[in-house]
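The values are calculated or read from the model by the stated rules, or taken from the named source; none is laboratory data. The model shown is predicted, which means the values in this text are computed figures rather than measured ones. Here the Cβ is made from the backbone with ideal geometry for all residues, glycine too, and neighbour counts use every protein chain on show.
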Amino acid sequence: MSAAPSVALPHVQAPPLARPGGNRGLALLFAVILVTGVSAFAVSFISFVKPIGAGDGLPDYASIASDRGYLWAFFVTAAVQLIVGACAAALAAWLLAPDRGARWATVGGSLVWLGAAIYGVGVGGWATVYFYGTDPAALDPATAGRLIDHVNDDTARMLAVPIGGALLVALGSLLLAVALWRARTVPRWVPALGALGTLGTIALPPDTAAGLAGEALSSATTIAIGYYAWRRYPR
């Protein structure tokens, strides 16, 4: 009996098993949250070590004019890191609440994004007024001093935009904490400490050790949210 002719079967490569880690997009999101979380604490630490002005009041002309370039860079850095970091963290929290807590996450994330935009506009305007208002090539010291005093005296208009944006970010962050608590996709300590850190950044003065500790807690829990979002979804 002759042997049956051999038939060459097509080679099919089995798909690789999915790794337990997160995908590249969420890895990038986590990297952004990590960098902005660390930078947020760094900005708070710099503000604690080198406060601007004296006491709780706004800085006067002498405090600004002596280091106006540093002050402008400080304000711009603070605004950019909050916008990028808060929006990225809100996205990560939204991804962690796909079912239970989804409505809380949607509303909270929307408030964070809106508040971050408003905050950035307010702080950018604040930095611009201080920088150009103390430019010796444009105004003499006496005139510039009167301008800065006039700006600082109108606190309602000067701080309404950045403080309003910061409060919206804080409110949105609390709603996101509720969403994560309900979703149970992260350990319960993450939203609990996150809410506590958010309240601390509102209630505690930023130029005190307690305020610095609150900022550290808020940054740490924000980084944790980004980490759990990265690890939750496979490649």
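Close Cβ contacts (under 8 Å, 6 or more residues apart or on different chains) running from residues in the stretch 100-115 that are within 20 Å of L82 (Cβ to Cβ) to residues that are crowded, with 16+ Cβ neighbours inside 10 Å and of a type in the set (S, T, N, Q) comprise G108/S173; V112/S173. A156: crowded, with 22+ Cβ neighbours inside 10 Å and of a type outside the set (F, W, Y), yes or no? Taking the combined requirement at face value, the residue does not satisfy it. Entry remark, the stretch 163-203: residues being under 20 Å from V84 (Cβ atoms) and not aliphatic (A, V, I, L, M) number 8 in total. Exactly one residue out of A92, A116, A88, A78 is buried (at least 16 other Cβ atoms within 10 Å of the Cβ), more than 22 Å from I163 (Cα to Cα) and within 19 Å of the chain's Cα centre (by Cα), and it is A92. The residue that is surrounded by the most Cβ atoms within 10 Å (Cβ to Cβ), among those in the stretch 1-51 that are modelled with pLDDT under 50 and small (G, A, S), is A18. Evaluate the following for I163: is it of a type in the set (V, I, T) and more than 23 Å from W230 (Cα to Cα)? Spelling it out, I163 is indeed of a type in the set (V, I, T) and more than 23 Å from W230 (Cα to Cα).
Selection within the stretch 130-146: residues that are aliphatic (A, V, I, L, M) and surrounded by 16 or more Cβ atoms within 10 Å (Cβ to Cβ). The member of this set that is farthest from E215 (Cα to Cα) is L139.
So that you can scan it fast, the table gives a plain yes or no per residue for (1) without any contact (Cβ under 8 Å) to a residue 24 or more places away in the chain; (2) of a type outside the set (S, T, Y); (3) closer than 30 Å to G194 by Cβ; (4) out of contact with any Lys or Arg (no Cβ under 6 Å at 6 or more places or on another chain):
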{"site": "D135", "(1), (2), (3), (4)": "no, yes, no, yes"}
{"site": "A142", "(1), (2), (3), (4)": "yes, yes, no, yes"}
{"site": "R146", "(1), (2), (3), (4)": "yes, yes, no, yes"}
{"site": "R157", "(1), (2), (3), (4)": "yes, yes, no, yes"}
{"site": "G165", "(1), (2), (3), (4)": "no, yes, yes, yes"}
{"site": "L174", "(1), (2), (3), (4)": "no, yes, yes, yes"}
{"site": "V178", "(1), (2), (3), (4)": "no, yes, yes, yes"}
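None of A97, A79, A92, A86 is under 18 Å from R231 (Cβ atoms), at pLDDT 90 or above and part of a helix (DSSP H, G or I) except A92. Go through the residues of the stretch 186-194 one by one and say whether even a single one is within 22 Å of F75 (Cα to Cα), surrounded by fewer than 19 Cβ atoms within 10 Å (Cβ to Cβ) and touching a residue at least 24 places away in the same chain (Cβ under 8 Å). No, there is no match, as no residue in the stretch 186-194 is within 22 Å of F75 (Cα to Cα), surrounded by fewer than 19 Cβ atoms within 10 Å (Cβ to Cβ) and touching a residue at least 24 places away in the same chain (Cβ under 8 Å).
Scanning the stretch 153-167 for residues that are among the aliphatic types (A, V, I, L, M) and closer than 10 Å to G120 by Cα yields V161, A166.
Of the helices (runs of 4 or more DSSP H) contained entirely in the stretch 149-235, those carrying at least 2 residues that are among the hydroxyl-bearing types (S, T, Y) and modelled with pLDDT of 90 or more fall at 209-232.
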